[in-house]
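The numbers here are math on the coordinates, done by the rules we state, and not lab data. Since we're looking at a predicted model, the values are computed, not measured. For neighbour counting, all protein chains shown are included, and Cβ atoms are generated from backbone atoms with ideal geometry for every residue, glycine included.
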Amino acid sequence: MTGKIKLLLFLLLSVFMSITAWWAWDRGHIPGNPRAISTAAMQPALLRHLMTVPRGQHGGCLAPELAYPRPEIQGQEGIGQRPIPGQFAVTLLVQARIPEQQGRERQLAQMSYLARQGFFAEAEATVLTDAGPRAARQYMLTWKGYAEGGPQHYGAPCFRIGEPAFEAIEALEKQPQRLAGIEAWSVTYRTGVRGVPGWAASDEARALFPGLKSRTEAARGKALLLRGDTGWISQAEARLQLLDPREGAAAVAARHVEELRERSTAPTLDLAAARAALEEHVAGAAWARHRDAACLPMRLLRGGDERGAAVRDNEFSITYYDLPRTTRPAYSRGFMVTTLHALHALEAAGLARSRPSGPGEVVFGRVKVKASRGVRYSISPEALEALGVGRGNPCLPAGKLKVEVLAVRSTGPGLAQVAARGKVSDTPAWALRVAEHLPALKAVLAEGVPVSGQLVHSAQGWRFAALIPHYPELQSQSVPPPLRRLLPQTEAAHPVVSSH
């Protein structure tokens, strides 16, 4: 009996030890189990999940509140408004309408605070309104502001307030329902914000910008992870691997998961690495062929108000007639006066010739309008060749473009964005003469060209996926001074700021 008892005890102990070992293996107490129900085993899948979901309002960037009341003047004469240096300016009346004054004071306080950080250049200004000249303040985006915010393409400049960062898994909860037959767990995790700049952490900033405090503090979220045969997977990975019936979906899913795993372990991109990647990129044939020459886009619509006549006369001419505000649509007037500024600049450089035009007829849709006079420009063959008219999108050559990286911003594991500045050199003499009368070209030569870039990390290291210069868009509101005598009705349609 004693021997049988010992054998039974041994068997029971063995079973107990096996169960204990399995439990410890299953719960991650013994290292090496990729399916373990533990924070360490589940964290890689959670990080891959976080790479595929929007970041929301946590961290990111902060913009001044300029939507209401709207700035009285947006942009600069001759340059379209975009949130990049040399192309963004707003002018705010110090005293707005009574219902809007509280909002205006908040705007001025926010803009002045950001100007003290070096993000905007602040200056006193005067705005001509229907009630006469009024005191105002003008704010222009600086290169420091561009570097702190990064490339944007619309709206007000937005300045970085830190990057969302995973901190820890706080709780695990097994779900009662299986997903596609796989055990599912809900994971509660905590994220913080790293790299919060000093200006965004100050009490003054938190008082001026509602919501800033909550966007720079810890937050919590939930994710659903599935316990696959070889380890934990995110819901998105499961959808690709298990639920997509298309042929080849498994291979696509495998590549996607592998790409996410590579990105999740990518090193942080610093300024030195970004500059090295830039040197490699600009040395390539594609950049040298298309981007290393600075060229300001110019839209020149042959004929203008007389498209058929320009073709019939076998010359590249542009004619515009003088019409009142009630006759010419606003979109047509804006394009007209912008084109006239470009043509006037070309004429000042000896590349175009203008002359008064007699009576004519303008067609807007199905409506024909008679005009008593206008102006006609003829562009020289040399200018057409230099601008590349007839060979795609015309642009004005400004010289050679050399790009310098100003700042690097992580946009997720293995992904990064750079803010850069392109400086122009070796400008042709005739382009310098054009720049004297064309603010957009003058800004390119004096300030440089904002450049944005996207980088991706792979087995070969950091590489540029895109590097794009952002040239100013020509945009004018008023008729060039030498032409106002010929086009008085067009000039009279120039909008005036209302103060009521």
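What is the extension gain from ALA131 to ALA286, computed as 0.36 nm multiplied by their sequence separation minus the C-alpha to C-alpha distance, in nm to one decimal?
Difference between extended and current length: 50.3 nm.
Could you calculate the FRET efficiency of ARG299 with GLN101 from 1/(1 + (r/R0)^6), where r is the beta carbon distance between them and R0 is 30 Å, rounded to 0.05?
It comes to 0.15.
Rounded if a/c is under 1.5, else prolate if a/b beats b/c, else oblate: with a ≥ b ≥ c from the C-alpha gyration tensor eigenvalues square-rooted, which is region 69-118?
On the way: a/c = 3.10, a/b = 1.41, b/c = 2.20.
Oblate, since a/c reaches 1.5 and b/c is not below a/b.
Report the trypsin sites (Lys or Arg not before Pro) located in region 396-495 that are in a DSSP loop and have at most 15 other Cβ atoms inside 10 Å of their Cβ, or state none.
Numbers: sites: LYS400, LYS402, ARG409, ARG421, LYS423, ARG433, LYS442, ARG463, ARG484, ARG485; in loops: ARG484, ARG485.
Within region 396-495, the qualifying trypsin sites (Lys or Arg not before Pro) (loop, at most 15 other Cβ atoms within 10 Å) are ARG484, ARG485.
In a DSSP loop and with at most 14 other Cβ atoms within 10 Å, the GluC sites (Glu not before Pro) in region 393-497 are GLU436.
Under 20 Å of direct C-alpha separation, and excluding same-chain neighbours fewer than eight residues apart, LYS368 reaches these aspartates and glutamates: ASP305, GLU306, ASP322. Amide H contacts of ILE73: THR91, each under 5 Å away and 5 or more positions distant or on a separate chain (H built 1.01 Å from N in the peptide plane; Pro and chain starts excluded). Grab the beta carbon distance between GLU170 and THR2, set R0 = 45 Å, and tell me the FRET efficiency rounded to 0.05. Approximately 0.30, to the nearest 0.05.
Normalised by the number of residues in region 381-483, the mean separation of alpha-carbon contacts (under 8 Å, six or more apart) gives a relative contact order of 21 percent. When the C-alpha to C-alpha distance is required to be over 29 Å, the pairs from LYS144/LYS400; LYS213/LYS423; LYS213/LYS402; LYS174/LYS213; LYS370/LYS442 that qualify are LYS213/LYS423; LYS213/LYS402; LYS174/LYS213; LYS370/LYS442.
Calculate, in nm to one decimal, what TYR331 and ALA218 gain on full extension: separation in residues at 0.36 nm each, minus their alpha carbon distance.
Details: separation 113, 0.36 × 113 = 40.68 nm, distance 4.77 nm.
Taking TYR331 through ALA218 to full extension adds about 35.9 nm, to one decimal.
With the simple model of a label 7 Å out from the Cα in the direction of the Cβ, GLU122 to ARG178 spans 6.4 nm. In terms of the Cα gyration tensor, with a ≥ b ≥ c the square roots of its eigenvalues, is region 80-209 rounded because a/c is under 1.5, prolate because a/b exceeds b/c, or oblate? Prolate. Return the whole-Å distance between the Cα centroid of region 183-223 and the Cα centroid of region 334-356. A separation of 52 Å, based on Cα centres. A cut-off of 5 Å between modelled amide H atoms, ignoring neighbours fewer than 5 places along the same chain, links GLN475 with GLY78, ILE79, GLY80.
Stretched out fully, how many nm does the piece from THR39 to ALA466 gain, at 0.36 nm a residue minus the Cα gap?
On the way: separation 427, 0.36 × 427 = 153.72 nm, distance 3.70 nm.
Between THR39 and ALA466, full extension yields 150.0 nm more.
Using C-alpha pairs under 8 Å with a sequence gap of at least 6, the mean separation divided by the residue count of region 64-157 gives a relative contact order of 33 percent.
Test of the criteria: in region 294-370, which trypsin sites (Lys or Arg not before Pro) are in a DSSP loop and have at most 10 other Cβ atoms within 10 angstrom of their Cβ?
Working: sites: ARG299, ARG302, ARG307, ARG312, ARG325, ARG333, ARG353, ARG366, LYS368, LYS370; in loops: ARG299, ARG302, ARG325, ARG366.
Passing both the DSSP loop test and the Cβ count: ARG366.
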